[in-house]
Amino acid sequence: MLPKGGEIAMKTAQETSRVLTTKAKSPAALPDLKGWTQFARCAEDAGIESVLLSFSRYEPDTMFVACAVGRVTTKLKFIVAYRLGLMQPATFVQQVNTLSGLIQGRVALNVVAGSSALEQRGYGDFLEHDERYARADEFLEICHSFWKRNGAVDFEGKYWRVERGKLLTPFQAPDRIMPEVYVSGHSEQAKALALARGSCWLRLIDTPEKLAPMVKSFRDRGVEVCLRLCVICRPSRAEAIEAARSLLPDEEISRQERSILAGSDSHTLKQALAAADEVGWLNKHLWAGLVPHYGSSAMTLLGSPEELAEIFLDYKRIGVTQFIIAGWPKLDEMLIFGREVMPRVRAAERKHR
Amino acid sequence: MLPKGGEVDLQGQQTAYEAARYRIMSTSSTSAAPRPDMEGWSYFARHAEEAGIDSILISFSRYEPDPLLVSCALGLVTTKLKFIAAYRSGLAQPTTFVQQVNTVSGLIGGRVSINIVAGSSKEEQYGYGDFLAHDERYARAEEFLAVCHSFWSAESEVNFEGKYYRVEHGKLATPFLAPDRTAPEIYISGHSEASARLACAQGSCWLRVIDTPEKLEPHVARARACGIAVCLRLAIMCRPTRDEAYSAVEALLPEDKRESTIALKDDSQMYREKVTGDDFWLNRSLWTGLAPHYGPVWTTLLGSPEELAEAFLAYKAIGVSEFIISGWPEVDEMIRFGREVIPLVREAERRQAKIAFP
């Protein structure tokens, strides 16, 4: 997960955990090429393959951030989050294809049907949750037609219409003719969209037991599963828990954040909040305690390097192939992860082979 | 004008004819033009900075990469040059468009302007999912820009309810970032009455194809009167003498005299106006002989460096303040223009300034 603008310059975990993009004057609104370049180069060194760039009205446009950071890196791939429906599919494909040609194909898409009705209306989008998915399905169908390049694109649907569509700039990558498409969301519509049009279903982490049957049903139909989570890795589990608890905000901030989250119509968030309220701990290492304050992606896996390596292997065993990880601060936690956890995972993989 | 992908020859071996043919063939499916060409473009952009060029136009069509992304990438390898990214209003929500433009501005020091084109051909617009007719596209562009301006000047949330767009509690945290502006310059191009009106209502500059100073004068006066600048599009051919310039430009005529690429832009008034006629000389230095084959933006100002400097000053005298220039090859003609013509223009401007303020 790419840090927000200005986040890299912040020193403490507490400070970065409160880069509230929702504040009136947050540095997160401004492009931070210096911080991002530093983070991206460290990610490459740490052995990270991709970074996710989140989309909202509080941040710079992801496609252009990927372009700028992609121009100063060589291996890292950018998973660009985009809300479908805010531009014509042909325009979107032209931008994605252009970007691919500028950064050697190192771009994937994370399509989100929308986040809150309020935010969508500010973008001129007045459809309700379920309809947004129906529109996203049509949208991706058109995109795929452009990417397959089998002549002019003709489409007539409920939400989009294209006649003799043609784009000469191709998607350029060493190994693909179209980008990977991550579809995120926990709703039935999101799952159906991922199966129909996605290459990967992106969802929040849960316990391996809960996830196993879902992961299997996706893998059986040729779609990968990627989990979003936060990691806190410390020499011992007790130290990790202490670090996690120190991130709990004071009550005033907590109330503000909770009220922002309450406006969302995301199923993902509703489920995560419910987990936080009901159980707190999903198992010995998976803690939902930060979710009410920092949003659904703050579901946190914590423990020692050995414990974490073991847990990642558990997820691999049930068929999960990708993880999008955040931490506090993101850069420090990524460096710890690259140094302490990754080598243990890779060593175990070599042993099993 | 930024050359197309693959058009810049880094070895400098390309002839004017080859460069012109490359441009004409750039819409064919076998051309390399649709592929981003950072090597060629960076070379061009750096030479533009050295030549004293302020801005370059990056065109928009289904035959080429997205101009905003190209501006972003090129802005990162330059320091002074400004990018005028052409865009078709109506293909994205204004909120999304503003978020993209603002992001680019923050990444490249505010060096981005927008050239709004309401559309070019029906066929091309249909392929983008846009089925409005010519005049309605202008009405929509006006709403589009009104929403954009609300975001750029926003003290608070943006609310808009029009015929084509509706925005409720619109809010974008990322501002347009530039040393001297809070919104990009907006160039509106076109020759129709609708485009001139739109330029006055929502633009900072009206962009049109060159004509004689006499013909342009009333139009320029009208635009200046409503507080916007005027920018002319043209091609130039600068050679030691007018005769040499004329033979060089005549050599660009297609071998097959029936060839025409104009059908590609059937819905543009600019193209309807200028494609016929027997006498190709609008005046002693303005030649439209290429326009029937390749379109009005190939209208060429030709002559010696002295004659060209004189001609540019004549446009300045009637109130034109900007020019978007093409040449064949683009790099060579731009370097020649920077070396031969700009110094003469600047010298004359200094002389005039002395006369004005002795």
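The values are calculated or read from the model by the stated rules, or taken from the named source; none is laboratory data. It should be emphasised that the depicted structure is a prediction, and the values quoted were computed from it without experimental measurement. Methodologically, a virtual Cβ is constructed for each residue, glycine included, from the backbone with ideal geometry; neighbour enumeration extends over all protein chains shown.
Points to keep in mind about this one:
- Sole exception among (1) within 28 Å of residue A:25 (Cβ to Cβ); (2) within 11 Å of chain B (Cβ to nearest Cβ) for residue A:85, by number: (1)
- Once the stretch B:168-190 is narrowed to residues that are more than 7 Å from chain A (Cβ to nearest Cβ), crowded, with 23+ Cβ neighbours inside 10 Å and not in a strand (DSSP E or B), the residue that is modelled with the highest pLDDT is B:184.
- Considering each residue of the stretch A:83-97 in turn, at least one proves to be in a strand (DSSP E or B), of a type in the set (D, E, K, R) and buried (at least 21 other Cβ atoms within 10 Å of the Cβ).
- Subset of the stretch B:87-110 (residues that are surrounded by fewer than 24 Cβ atoms within 10 Å (Cβ to Cβ), among the aliphatic types (A, V, I, L, M) and either touching a Leu at 6+ places or on another chain (Cβ under 8 Å) or at pLDDT 95 or above (or both)): B:92
- Residue list for the stretch A:61-102, restricted to those being farther than 26 Å from residue A:46 by Cβ and in contact (Cβ under 8 Å) with a residue 60 or more places away in the chain: A:85, A:88, A:89, A:90, A:93, A:94, A:96, A:97, A:98, A:101
- Candidate set: the stretch B:191-203, residues that are without any contact (Cβ under 8 Å) to a residue 40 or more places away in the chain and not aliphatic (A, V, I, L, M); chosen: the one surrounded by the fewest Cβ atoms within 10 Å (Cβ to Cβ): B:193
- Just one of the listed residues (B:118, B:86, B:73, B:92) is at the interface with chain A (Cβ under 7 Å from one of its Cβ atoms), closer than 25 Å to residue A:161 by Cα and not hydroxyl-bearing (Ser, Thr, Tyr), and it is B:92.
- Residue within the stretch A:108-126 that is among the charged types (D, E, K, R), farther than 20 Å from residue A:81 by Cα and out of contact with any Phe, Trp or Tyr (no Cβ under 9 Å at 6 or more places or on another chain) present: no
- Residue check for residue A:134: more than 16 Å from residue A:109 (Cβ to Cβ), at pLDDT 90 or above, touching a Lys or Arg at 6+ places or on another chain (Cβ under 9 Å) and within 13 Å of chain B (Cβ to nearest Cβ): no
- Qualifying positions in the stretch B:41-66 - under 18 Å from residue B:18 (Cβ atoms) and crowded, with 21+ Cβ neighbours inside 10 Å: B:44
- Selected residue (criterion: nearest to residue A:78 (Cα to Cα)) from residues of the stretch A:311-353 that are hydrophobic (A, V, I, L, M, F, W, C) and under 17 Å from the mean Cα position of the chain (by Cα): A:324
- Residue within the stretch A:233-249 that is within 25 Å of residue A:112 (Cβ to Cβ) and either at pLDDT 95 or above or among the acidic types (Asp, Glu) (or both) present: no
- Test: residue A:199 is farther than 25 Å from residue A:1 by Cβ and modelled with pLDDT of 95 or more: no
- Criterion violated by residue A:141 - all others in (1) under 30 Å from residue B:144 (Cα atoms); (2) surrounded by 20 or more Cβ atoms within 10 Å (Cβ to Cβ); (3) away from chain B (no Cβ under 12 Å) satisfied: (2)
- The stretch A:34-77: number of residues that are buried (at least 19 other Cβ atoms within 10 Å of the Cβ), within 13 Å of chain B (Cβ to nearest Cβ) and of a type in the set (A, V, I, L, M, F, W, C): 10
- The condition (being within 8 Å of another protein chain (Cβ to nearest Cβ), under 23 Å from residue B:62 (Cα atoms) and of a type in the set (Gly, Ala, Ser)) is satisfied by just one residue among A:165, A:157: A:165.
- If you go through the stretch B:276-297 and keep only what is in a helix (DSSP H, G or I) and under 23 Å from residue B:188 (Cα atoms), you end up with B:291, B:294, B:296, B:297.
- Helices (runs of 4 or more DSSP H) within the stretch A:269-353 that include 2 or more residues charged (D, E, K, R): A:305-317, A:330-336, A:342-352
- Within the stretch B:285-326, restricting attention to residues that are over 19 Å from residue B:2 (Cβ atoms) and charged (D, E, K, R), the residue that is surrounded by the most Cβ atoms within 10 Å (Cβ to Cβ) is B:307.
- For residue B:127, the requirement of being out of contact with any helix residue (DSSP H, G or I) (no Cβ under 6 Å at 6 or more places or on another chain), within 12 Å of chain A (Cβ to nearest Cβ) and at pLDDT 95 or above is not met.
- Strands (runs of 3 or more DSSP E) fully within the stretch B:48-123 counting 3 or more residues that are under 15 Å from residue B:177 (Cα atoms): B:112-117
- Cβ-Cβ contacts under 6 Å between residues 6 or more apart (or on different chains), taken from a first residue in the stretch A:170-191 that is at pLDDT 95 or above to a second residue that is surrounded by fewer than 20 Cβ atoms within 10 Å (Cβ to Cβ) and of a type in the set (Ser, Thr, Tyr), are listed as A:180/A:199; A:181/A:199.
- The stretch B:27-40 - residue that is within 11 Å of chain A (Cβ to nearest Cβ) and closer than 18 Å to residue B:74 by Cβ and, of those, surrounded by the fewest Cβ atoms within 10 Å (Cβ to Cβ): B:32
- Restricting attention to the stretch B:298-329, the residues that are part of a strand (DSSP E or B), β-branched (Val, Ile, Thr) and either under 21 Å from residue B:84 (Cα atoms) or in contact with a Lys or Arg (Cβ under 7 Å, 6 or more places away or on another chain) (or both) add up to 2.
- When restricted to residues that are touching a strand residue (DSSP E or B) at 6+ places or on another chain (Cβ under 6 Å) and either free of Cβ contacts under 8 Å to residues at least 40 places away in the same chain or farther than 23 Å from residue B:158 by Cα (or both), the stretch A:115-129 contains 2.
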